[in-house]
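Everything below concerns the one structure shown next.
The values are calculated or read from the model by the stated rules, or taken from the named source; none is laboratory data. All values reported here derive from a predicted model rather than from experimental measurement. With ideal geometry, Cβ positions are generated from the backbone for all residues, glycine too; neighbour counts draw on all protein chains shown. Calculation scope for accessible area: heavy atoms of the full protein, side chains included, ligands and nucleic acids excluded. Shrake-Rupley method; radii C 1.70, N 1.55, O 1.52, S 1.80 Å.
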Amino acid sequence: MAASATTFSSLSFASMPSQHQRTPTPKRTSKPTKSLSPTIPTPTITTTTSTTTTTSLPPKKVLVPIGFGTEEMEAVIIVDVLRRAGADVTVASVEPQLQIEASSGTKLVADTSISTCSDQVFDLVALPGGMPGSVRLRDCEVLQKIMSKQAEEKRLYGAICAAPAVTLKPWGLLKKKQTTCHPAFMDKLPTFWAVKSSIQVSGELTTSRGPGTTFEFALSLAEQLFGASIAKEVGQVLLVSTADDNHTKEEFNKVEWSVDHMPRVLIPVANGSEAIEVVTIADILRRAKVDVIIASLEKSVQILASQGTKIVADKLIGDAAESIYDIIILPGGTAGTERIHKSKILKKLIKEQDSAGRIYGAVCSSPAVLQRQGLLKDKRATAHPSVVDTLTKAVDGAKVVIDGKLITSRGLATVADFALTIVGKLFGYGRARSVAEGLVFEYPRS
């Protein structure tokens, strides 16, 4: 069945509700340091009373369950978007332990066990997909009871990727609901009620297609919880493109990147690193059969990334530094970027990477690290809008900029384009397009 894919750039903030099909329905900081970039803001949710007094609304409670094989991009983006919107999000493991290995190998740590959530009332329960993650969710009796009660009491619930067909359908929660899901599972949905839209809202149920539609899915949920203006603001903060923003890539001093072995990529991470960037880049590169090592700059392999997401690295940076990598990629995140800049081991690695003529890259605020360490030289680059003007040869506007063996990106929602561009440079257009189709992400046809 053909995919009806969406791109992040297809989401227009001018009229967000019109971007998905809808069936009728009743209605954290570290101690102050000199920062490489301003803190990326989180929208403030307030209400004004008749006496013009501004007060905070009570937080909306959201549950995001995860298990072995959960799709990591979907889980992390949903959590990140909803926390930025102001929701109190609980990530709950359906496994006996809190740490799970997601579908592409990223290790995530939940906030709590699903058993502690059974008596709580949630404004929204959102299921990420992935296989076998969707099966693990389906087989969790506690989660089934929570979801059944959620639907029975007409509170919001949602599912993406394989989860609508694999998890919700066996629980009987798709009855008389127009539903979408990942193209590979469309044949498992009831034919009359299956639709190919990127986002489908049917009463209290919202469904979506895959990793490439997760920003749109999460922003739709944010809109239903908090209203269109908050969803629009969060989308802008995350650099989710408007409909007319299709300026994806610029390349200068073109050279071949192909290697005669499985490429090895190092992604150093620290407390405060941008979770969306780390997880998206690792997920997409691993789908393309790249050997990705996530290395912690902290004393522990577990790091507390942006928006409270807990990621377990594969190694400590000291151990990872013993190997040679075809590419080193620096993620962003205000606090994480400061720690990346201060790592002597990493500074030595990147300088050796440059001297040896190997590939290196940075996203979001991290190109400023390369600038300060003298590694941009006369190279063209881009970065997060808050720091792009500090670069000596900045290319503003393009989501991804390549100059020889340097690749940079604006970060956040643009990193899928960044990672797919790397896949294309390493393996060619065909593999990049194949990976994009699996993500349900619209990839340029040339």
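Just need log10 I(q)/I(0) for region 199-292 at q = 0.14, 0.15, 0.17, 0.21 Å⁻¹, Debye formula, equal scatterers on the alpha-carbon atoms, no solvent, rounded to two decimals.
One equal scatterer on each Cα of region 199-292 leads to -0.78, -0.87, -1.02, -1.22.
Report the full-extension gain for the segment GLN373 to ARG155: residue separation times 0.36 nm, less the Cα-Cα distance, to one decimal in nm.
Numbers: separation 218, 0.36 × 218 = 78.48 nm, distance 5.13 nm.
Using 0.36 nm per residue and subtracting the Cα-Cα distance, I get 73.4 nm.
Apply 1/(1 + (r/R0)^6) to the Cβ-Cβ distance of ASP260 and LEU98, taking R0 = 45 Å, and write down the FRET efficiency to the nearest 0.05.
Efficiency, rounded to the nearest 0.05: 0.65.
Can you list residues whose amide H is under 5 Å from LEU316's amide H, if they're 5+ apart or on another chain and H is modeled 1.01 Å from N?
The list, which skips near neighbours in sequence, is SER296.
Taking a probe of 1.4 angstrom, what is the accessible area of ARG339 in Å², to the nearest 10?
Rounded to the nearest 10, the figure is 110 Å².
What is the calculated FRET efficiency for THR242 to ASP389, with r their C-beta to C-beta distance and R₀ = 22 Å, to the nearest 0.05?
Working from the Cβ atoms, E equals 0.55.
Could you tell me the center-to-center distance, by alpha carbons, between region 169-219 and region 362-437 in angstrom?
33 Å
Loop only by DSSP, 15 or fewer other Cβ within 10 Å of the Cβ. Give me the trypsin sites (Lys or Arg not before Pro) in region 244-336 that pass, ordered by residue number. Don't skip to the answer; put the middle values down first.
Values: sites: LYS249, LYS254, ARG264, ARG286, ARG287, LYS289, LYS299, LYS310, LYS315; in loops: LYS254, LYS289, LYS299.
Taking region 244-336 and a limit of 15 other Cβ atoms within 10 Å, the loop trypsin sites (Lys or Arg not before Pro) found are LYS254, LYS289, LYS299.
Can you list the residues, at least 5 places off or on another chain, whose amide H is less than 5 Å from the amide H of GLY69, using H built in the peptide plane?
Close amide H contacts, sequence-distant or interchain: GLU101, ALA102, SER103.
Between Rg and the Kirkwood Rh of region 211-251, both from Cα atoms, what is the Rg to Rh ratio?
Result: Rg/Rh = 1.05.
Taking 0.36 nm per residue of separation and subtracting the Cα-Cα distance, what length does fully extending THR116 through ASP139 add?
On the way: separation 23, 0.36 × 23 = 8.28 nm, distance 1.71 nm.
Full extension from THR116 to ASP139 adds 6.6 nm.
What do you get when you divide the Cα radius of gyration of region 326-446 by 2.2 N^0.38 Å, with N the number of residues?
Values: Rg = 14.2 Å, N = 121, 2.2 N^0.38 = 13.6 Å.
Taking the Cα Rg and dividing by 2.2 N^0.38 Å, one obtains 1.04.
Which percent of the Cα-Cα distances in the chain go past 44 Å?
Here the tail beyond 44 Å accounts for 9 percent of pairs.
For LYS399, go through the aspartates and glutamates and keep the ones whose alpha-carbon is under 12 Å away, minus same-chain ones fewer than eight residues off.
Once the sequence-local aspartates and glutamates are set aside, what remains near LYS399 is ASP245, GLU250, GLU251, ASP417.
With viscosity set to 1.567 mPa s and temperature to 4 °C, compute the Stokes-Einstein D of region 271-341, Rh being the Kirkwood radius across alpha carbon pairs; µm²/s, no decimals.
The calculation lands on 105 µm²/s.
Using the 2.2 N^0.38 Å rule of thumb for compact globular proteins, work out how region 105-206 stacks up: its C-alpha Rg over that value, please.
In units of the globular-protein estimate, region 105-206 measures up at 1.04.
Each residue of region 202-208 in order: what ³J(HN,Hα) in whole Hz does its phi give by Karplus 6.51 cos²θ - 1.76 cosθ + 1.60, θ = phi - 60°, with x for Gly and Pro?
9, x, 7, 9, 10, 10, 8
When 1/r is averaged over all different Cα pairs and the result inverted, which Kirkwood radius in Å belongs to region 373-430?
Details: mean 1/r = 0.0845 Å⁻¹.
Final number for the Kirkwood radius of region 373-430 is 11.8 Å.
Which pairs break 29 Å Cα to Cα here: LYS107/LYS299; LYS299/LYS425; LYS196/LYS310; LYS107/LYS425; LYS254/LYS348?
Those over the limit are LYS299/LYS425; LYS196/LYS310.
Search the structure for amide H atoms under 5 Å from the amide H of PHE252, placed 1.01 Å from N in the peptide plane, and list their residues when 5 or more places away or on another chain.
Under 5 Å from the amide H of PHE252 lie the amide H atoms of ILE402, ASP403, GLY404, each far enough along the sequence or on another chain.
Please go through region 63-164 and write out the GluC sites (Glu not before Pro) that DSSP classes as loop and that have at most 15 other C-beta atoms within 10 Å.
Answer in residue order: GLU153.
Just to be sure I follow: if Rg is taken over the C-alpha atoms of region 58-143 and Rh is the Kirkwood radius over the same atoms, what is Rg/Rh?
0.94
Which residues among region 336-380 fall inside the zone where the amide N is under 11 Å from a point 7 Å beyond the Cα of ASN253, along Cα→Cβ?
Within reach of a label on ASN253, which here means backbone N under 11 Å from a point 7 Å along Cα→Cβ, region 336-380 contributes 376-380.
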